[in-house]
Every structure is written in structure tokens, then in C-alpha cells.
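Let me begin by presenting the structure, written as C-alpha cells, before commenting on it.
The values are calculated or read from the model by the stated rules, or taken from the named source; none is laboratory data. Model, not experiment: these values are computed from the prediction. Using ideal geometry, Cβ is built from the backbone for each residue, glycine included, and neighbour counts are taken over all protein chains shown. Just the protein is used for accessible areas: all its heavy atoms, side chains included, with ligands, DNA and RNA removed. Shrake-Rupley method; radii C 1.70, N 1.55, O 1.52, S 1.80 Å.
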Amino acid sequence: MKSYPYQIQNWEEYQEQYARSVENPEDFWADIAQHFHWKKPWDKVLEWDFKTAKTEWFQGAELNITENCIDRHLQTQPDAVAILWESNNPDEPSVSYTYQQLQDKVNQLSHVLTNLGAKKGDRICIYMGMIPELAFAVLACARIGAIHSVIFGGFSAQSIADRIQDAQASVVITCDAAYRGNKTIGLKEIIDEALPQCPSIQKVLVYNRTHSPVSMIKDRDHWWHEEIEKVTQQGNPHFPAVPTQAEDELFILYTSGSTGKPKGVVHTTAGYMVWANYTFVNVFQYQPGQIHFCTADIGWITGHSYIVYGPLSAGATTLMFEGIPTWPDAGRFWEIVDKYKVDILYTAPTAIRSLMGFGLDPLNNKDLSSIKVLGTVGEPINEEAWNWYHQHIGKSKAPVVDTWWQTETGGIMISNLAGVTPAKPSFATYPLPGIQPVLVDENGNEIQGNNASGNLCIKFPWPGIIRTTYGDHQRCQQTYFSVYNNLYFTGDGCLRDENGMYRITGRVDDVLNVSGHRIGTAEVENAINMHAGVVESAVVGYPHDIKGQGIYAFVIFNAFHENEELTKKDILITVSKIIGPIAKPDKIQFVSGLPKTRSGKIMRRILRKIAEGELEQIGDTTTLLDPQVVEEIKRQALPPAFNT
Ligand code: WT7
């Protein structure tokens with residue numbers, strides 16, 4: 001059923017829409033954008049120049065994204081559920097917010113932020129667990145026109161400090177602590193550790209989730225509930241949404257690249273909104289009343305686009321889950337699906353592989369018959385996991401959408417549309433309308449025709465494209481728009497089959513994808529090198545049965561702490577402190593040297609082969625400065641069998 005005027009319903013319509021989006025992109029997107037709420041219409045649909053990394057969509061328009069995500073639904077469905085929330089603890093009652101209640105919560109918090117001195121254009125850092133208040137915080141920032149920068153809970157104090165400094169944020173919103181499985185993570189304490197390095201921060205707002213003891217610094221730190229109470233006492237006045245321009249910055253999201261420093265990917269308001277909504281409605285084929293369960297954390301782009309902005313702008317019911325898939329047991333997701341009668345489940349291949357490992361017992365007595373659509377995101381999915389998901393979770397009835405996209409793309413780029421366009425295991429399949437993929441060889445020449453492989457680029461802007469890297473536009477231009485002339489370069493390798501379907505094969509740059517988390521090898525090396533005693537290190541990925549990729553570190557060390565084991569632990573602690581637990585190497589091998597060319601460049605290709613256990617396929621090493629070192633590394637290489 002066509003529940004949205006721009007919801008594609010069959011293969012012919014997809015082809016028509018796709019063709020129109022390429023032939024006449026401005027009219028195509030203007031027709032879709034008219035279904036949103038604008039305070040003032042746009043003057044020009046699209047202005048772009050990849051040479052200078054400039055893209056502007058709907059220039060001249062004025063809007064507030066929260067009026068599109070909340071206010072406009074109040075006329076038609078005030079009592080529809082906007083957010084459903086499931087606690088980490090299966091015994092804690094679930095919570096739900098209708099669109100009317102969401103409006104009230106976001107209004108109140110917008111007042112709180114304003115009372116704390118936050119205003120349009122300010123950067124606000126959000127470091128919270130997966131509770132509804134996190135969604136309120138994101139939306140309240142947007143309502144006052146502030147720019148949110150959500151930081152995933154797995155990042156360390158140092159990473160937070162780097163991000164706050166880069167954005168010059170003035171406010172932090174956090175919790176006393178977060179529950180995750182059987183752990184309680186002291187978020188406020190981690191913030192306190194970061195803040196001495198962050199003079200731009202004026203105020204910290206703390207939500208009390210766990211009743212953990214925290215230090216509240218006078219004048220700087222404020223309790224969420226006390227600030228809300230003040231607003232309530234003033235009679236809960238309405239908070240009129242602050243008008244923003246189409247190209248005003250909506251959020252910054254830091255992500256890793258091939259260099260040591262994470263970059264702040266910037267998305268702006270109008271284009272991102274239209275893209276998140278359009279892709280949500282079409283890929284998942286959402287029908288009003290359905291329950292959409294995206295298991296990502298709002299600390300990543302998936303949570304931004306498919307827990308918050310996509311679903312809410314479509315008036316959908318979005319389910320947020322605080323916990324993890326394997327606690328208290330490996331049936332947690334299936335229990336949630338059963339409890340809420342989930343219609344759409346969107347998760348990562350790493351979660352599927354990990355749950356597959358528990359066999360079918362956790363599925364016993366779980367009614368999964370409500371599932372209509374299954375989705376995967378974040379990394380390539382192997383056929384075995386795809387089939388298991390399709391067969392055991394979707395009962396071979398629910399289509400599986402394999403959605404390829406990136407932090408930089410704002411929303412899904414290449415994916416089948418559930419039940420509308422064909423699926424093929426391990427293939428993201430066809431581009432969405434508006435997306436013009438091309439494959440290029442090393443020299444940047446486009447590879448035409450089917451049965452081809454190359455580096456994946458996009459040759460025309462779409463509404464959700466990255467606008468800049470915060471504070472450093474040149475970096476955006478160089479990273480994405482100057483590797484290949486006049487193309488956006490994704491960093492992914494890709495093949496196109498005989499039917500023109502796309503399969504993403506993985507990163508071709510020095511970026512790892514560990515359990516769907518994006519980590520730069522240079523970042524991990526920098527962190528390892530911070531440890532006293534480390535002379536040099538080289539980090540590569542290797543195939544890991546569950547995480548997709550594991551992290552293998554080759555380390556030259558000159559001052560062991562008692563023994564090798566203790567030294568390895570020291571290195572792991574160092575990486576946790578500098579980046580966060582998500583970047584801890586799975587394997588550390590101490591070496592006396594690294595394979596380098598005569599010009600001093602580390603030969604990662606060789607290290608990758610060793611990490612993959614392909615010791616016989618290393619190839620010619622005679623051009624190395626010291627070929628002997630490879631023999632030594634090979635002799636002491638750690639076994640390739642998976643290792644958590
Ligand atoms: C990288 C982007 C997209 C939101 C979550 C990750 C890989 C993503 C797929 C997929 C194969 C995929 C790519 C991409 N990736 N989805 N369906 N099939 N690979 O966002 O952290 O920005 O990472 O994830 O390598 O470049 P991200």
C-alpha cells in the first residue's frame with residue numbers, strides 16, 4: 001500500500017523513479033520535498049560543485065526539522081506512539097511516548113537548554129546511554145537550532161576531549177551512568193575526566209539513570225530533573241521551534257579515516273531530513289502503525305537516521321533498546337520482537353553472526369511471526385549469515401534488505417527495497433533513486449558494463465551527502481572529492497554482477513570495520529605508540545568469524561613490564577584510555593622490526609597476509625630494506641583461528 005506519496009511499490013515504478021531521478025534530479029527532489037513542512041519555500045533545489053566539495057540543497061528554505069518529526073504529526077495522530085523503549089533490564093517496565101508526549105518532553109528540554117545559555121549554532125555534545133532522554137536531547141538541540149555531536153558510549157575520555165575541542169562545544173548532556181548488559185558504565189565520571197582539557201564547556205546537564213554517585217561541580221553541572229522542574233513550575237510554556245536555514249548545520253558525527261585524527265562529518269538540515277525520510281519509507285516499506293526496531297546505538301549514524309530522524313519524520317513508531325543482544329541471554333532480541341510484535345528489524349551482520357553461534361535454542365517459544373522486513377547494515381554480510389537470518393528469523397517470508405551506506409552519506413545508498421526490488425544474498429543490489437554509482441580503476445577511469453569490479457564512487461550529489469568536515473573544509477575536499485576527479489569516493493571496493501547488482505567487498509583504505517565499528521589503523525597505531533616502551537607499531541585487519549574484522553597489531557617494544565603478557569595488557573589499557581575499549585587489538589605480536597621499503601614505508605600488504613595466516617602468499621620481499629624481518633615475523637605469527 002502506498003502510505004507515502006513517494007513510496008515505491010513495484011519494480012516498474014522503481015525503474016521509472018530511478019530514471020527520473022537521474023534525468024531530472026531537481027524536479028524529482030522538489031516533488032518529494034513538497035510533502036514536508038517548510039516555514040519558507042526554497043529558491044533553488046540544487047547547487048553543486050564537487051571540485052570545491054560544495055553541495056547545497058533547497059537553498060533559501062527555512063524549516064525546523066523537529067516540526068517535521070513532531071509538530072506536524074500532532075494534527076493527524078497525536079496519540080500514535082512515537083518512541084517505545086525497552087530497558088537493559090528485562091524486568092523493568094517498558095516506556096512509551098506518543099507524539100504529543102514527545103512534543104512535551106522536547107519542549108521542556110528546549111527550555112532547559114536555553115536556560116543554560118545554549119543558543120542557535122552552538123555545539124552540544126551528547127554522551128548518554130540508549131534511553132529515551134537521548135532522543136529528547138538530540139531533538140531539543142535541533143529545536144533550538146543548536147548542532148548536536150553525539151559520542152558513542154564506547155569512547156574514552158581522551159576521545160571525548162578531542163571531539164569537544166574540535167567542535168568547541170559549550171554544553172555536554174550526559175547521564176550519571178549507563179546500563180549495558182551486566183555492566184554499569186560511569187559516563188559522568190568519564191566526562192569529568194575529559195573536561196579539564198575542554199575550556200569551551202560551560203554547562204553539563206546530567207540525567208539520573210542509575211542513581212550512581214557522581215561529583216556535581218558547582219555552577220557547571222546541573223541535574224536534568226531539577227532543570228525540568230523549573231520549567232514545569234513556569235507552567236510548561238510551549239517552545240516555538242527556532243527557524244533554521246536549509247543548509248544550517250544539524251549535526252556533527254565524528255568518524256575514522258585513514259589518518260590518525262577522526263573527522264567531524266557535518267550534515268545540514270533540509271537535505272538530510274528529506275534523505276533520511278525518503279530512504280526509511282522506501283527501503284523498509286514502512287506502513288503506519290508498524291513497529292520499527294533498529295538495534296544500533298544513536299552514537300552512530302544508523303541511530304541518527306533510522307532510530308530518530310527517518311522514523312519520526314515519517315510519523316512511525318521507533319523502538320529503542322538500552323541493552324545488548326546477549327544479555328541476560330542470547331534470546332534478548334527475539335524476546336523483544338515477540339513482546340512488541342516488531343514489524344521491521346534492522347541490525348548488523350556482527351550481531352547476526354554472534355547470535356547464530358548460540359544455535360536455535362534461544363528462538364524457542366519466541367513468536368517472530370510479526371516480522372515483515374529484516375535489514376542489515378554496517379559491513380558486508382556473508383551468505384551463511386544472510387541465509388540464517390532469512391530462514392530462522394524471517395521464516396523465509398520476510399525480505400532481507402542489505403543496506404550499504406556510510407556516515408558521510410547520511411542515509412541508505414544501495415539496497416533492495418523490501419519486497420519491491422529483488423534481493424540477492426550478500427549483495428546490496430541496486431542504487432536508490434538519486435544515487436549514481438560508478439566503479440573506477442586505480443587511474444580513476446570509469447569501468448563500464450556489468451561483471452566488473454573497482455573502487456566505488458558516486459557521480460552526482462544526493463540530498464544526504466556530507467557537506468563538510470567540521471572546521472576543516474579542505475580535509476573534506478581532499479578525502480572525498482579529489483581522489484578521483486569530479487567524483488565522491490567512498491573508500492569501498494565493489495563489484496557489479498552480470499545483472500548490474502552491486503556487492504560491496506570492503507574498504508580499500510586503511511580503515512577497519514570491527515563489529516560494524518569504523519576504526520582507522522593509524523588511530524590505533526597512534527594510541528599504541530603512546531605507551532612508554534613502544535618504539536613503533538603497525539596495525540592491520542584480519543578476517544574474524546564474528547566481528548567481521550579483528551585488529552592485529554605488530555609492535556616493536558623495548559622495555560617489557562615483567563613479561564610479555566603483562567606488557568600486552570598494558571598496551572590494551574593504553575588503547576582503551578586513548579580511544580576506547582572498542583579499538584583494543586585482538587592480537588598483539590612483538591617483533592624486532594617491521595617490513596619496510598627502502599624509502600621507509602611499512603609494507604602493510606605483507607603484514608595483512610601474515611595476519612590472515614597466508615604465510616605462503618607473501619610474494620616477493622627482495623625489495624625490502626630487511627627481508628629477514630619477514631621470516632622472523634612469520635615464525636612467530638599468531639594463529640589465524642578466531643580469537644575474541
Ligand atoms: C562503511 C561505513 C552505514 C551505517 C553504519 C556504518 C561498510 C556499511 C555495508 C553493507 C558492506 C557495508 C562500508 C562503508 N558498510 N554498510 N551493507 N555492506 N559494507 O557506517 O561507520 O560510516 O561505515 O561500512 O565499508 O564504507 P560507517
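Any chance the stretch 213-223 includes a residue that's surrounded by fewer than 22 Cβ atoms within 10 Å (Cβ to Cβ), polar (S, T, N, Q) and in contact (Cβ under 8 Å) with a residue 12 or more places away in the chain?
Yes: one or more hits.
Name the strands (runs of 3 or more DSSP E) wholly inside the stretch 368-442 in which the number of residues that are more than 12 Å from the ligand (Cβ to nearest atom) and touching a residue at least 12 places away in the same chain (Cβ under 8 Å) is 1 or more.
Once the strands (runs of 3 or more DSSP E) in the stretch 368-442 are filtered for at least 1 residues that are more than 12 Å from the ligand (Cβ to nearest atom) and touching a residue at least 12 places away in the same chain (Cβ under 8 Å), what remains is 373-377, 437-440.
Sort out which residues of the stretch 8-51 are assigned to a loop (DSSP other than H, G, I, E, B) and within 29 Å of residue 243 (Cβ to Cβ), and write them in order of number.
34, 35, 36, 37, 38, 39, 41, 42, 43
Could you run through the stretch 487-506 and say how many residues are open to solvent by 50 Å² or more (accessible area, probe 1.4 Å) and either modelled with pLDDT under 95 or within 16 Å of the ligand (Cβ to nearest atom) (or both)?
Of the residues in that region, 3 qualify.
The conditions are (1) modelled with pLDDT under 95; (2) under 27 Å from residue 134 (Cβ atoms), and residue 1 fails exactly one of them. Which is it?
(2)
If you check residue 381 against the conditions, is it farther than 30 Å from residue 149 by Cβ and touching a strand residue (DSSP E or B) at 6+ places or on another chain (Cβ under 9 Å)?
No: the conditions fail for residue 381.
Looking at the stretch 254-266, which of the residues that are more than 13 Å from the ligand (Cβ to nearest atom) and outside any strand (DSSP E or B) is most open to solvent (accessible area, probe 1.4 Å)?
The extreme case among them is 261.
Can you find, within the stretch 359-407, the residue that is surrounded by the most Cβ atoms within 10 Å (Cβ to Cβ) among those that are of a type in the set (D, E, K, R) and closer than 14 Å to residue 424 by Cβ?
Checked the stretch 359-407; the qualifying residue surrounded by the most Cβ atoms within 10 Å (Cβ to Cβ) is 402.
Any residue at all in the stretch 593-603 that is assigned by TED's automatic domain parsing to the domain that holds residue 527, modelled with pLDDT of 90 or more, under 23 Å from residue 515 (Cα atoms) and open to solvent by 20 Å² or more (accessible area, probe 1.4 Å)?
Looking for residues that are assigned by TED's automatic domain parsing to the domain that holds residue 527, modelled with pLDDT of 90 or more, under 23 Å from residue 515 (Cα atoms) and open to solvent by 20 Å² or more (accessible area, probe 1.4 Å), one finds none in the stretch 593-603, hence no.
Within the stretch 308-351, how many residues turn out to be open to solvent by 20 Å² or more (accessible area, probe 1.4 Å), under 19 Å from the mean Cα position of the chain (by Cα) and either away from the ligand (no atom under 16 Å from the Cβ) or without any contact (Cβ under 8 Å) to a residue 60 or more places away in the chain (or both)?
Of the residues in the stretch 308-351, 2 are open to solvent by 20 Å² or more (accessible area, probe 1.4 Å), under 19 Å from the mean Cα position of the chain (by Cα) and either away from the ligand (no atom under 16 Å from the Cβ) or without any contact (Cβ under 8 Å) to a residue 60 or more places away in the chain (or both).
In this structure, is residue 411 within 21 Å of residue 282 (Cα to Cα), touching a Cys at 6+ places or on another chain (Cβ under 9 Å) and open to solvent by less than 10 Å² (accessible area, probe 1.4 Å)?
no
Of the numbered conditions (1) more than 30 Å from the chain's Cα centre (by Cα); (2) at pLDDT below 90; (3) aliphatic (A, V, I, L, M), residue 633 satisfies every one except a single condition; which is it?
(2)
Across the stretch 267-300, which residue is farthest from the chain's Cα centre (by Cα) among those that are open to solvent by 10 Å² or more (accessible area, probe 1.4 Å) and within 22 Å of residue 465 (Cβ to Cβ)?
296
Residues are listed down the side, and each one gets a yes or a no for (1) open to solvent by less than 30 Å² (accessible area, probe 1.4 Å); (2) within 14 Å of the ligand (Cβ to nearest atom); (3) of a type outside the set (Asp, Glu):
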site	(1), (2), (3)
508	no, yes, yes
541	yes, yes, yes
548	yes, yes, yes
551	yes, no, yes
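Being crowded, with 20+ Cβ neighbours inside 10 Å, assigned by TED's automatic domain parsing to the domain that holds residue 209 and of a type outside the set (Lys, Arg) narrows it down to one residue among 129, 117; which is it?
129
What's the number of the condition residue 183 fails, among (1) free of Cβ contacts under 8 Å to residues at least 40 places away in the same chain; (2) crowded, with 19+ Cβ neighbours inside 10 Å?
(2)
Say we look at the stretch 443-475 and pick out the residues that are assigned to a loop (DSSP other than H, G, I, E, B) and either more than 26 Å from the chain's Cα centre (by Cα) or among the polar types (S, T, N, Q) (or both); which of these is surrounded by the most Cβ atoms within 10 Å (Cβ to Cβ)?
Per the criteria, the residue is 444.
Inspect the stretch 510-525 for any residue being within 16 Å of the ligand (Cβ to nearest atom) and basic (Lys, Arg) and give the result as yes or no.
Looking for residues that are within 16 Å of the ligand (Cβ to nearest atom) and basic (Lys, Arg), one finds at least one in the stretch 510-525, hence yes.
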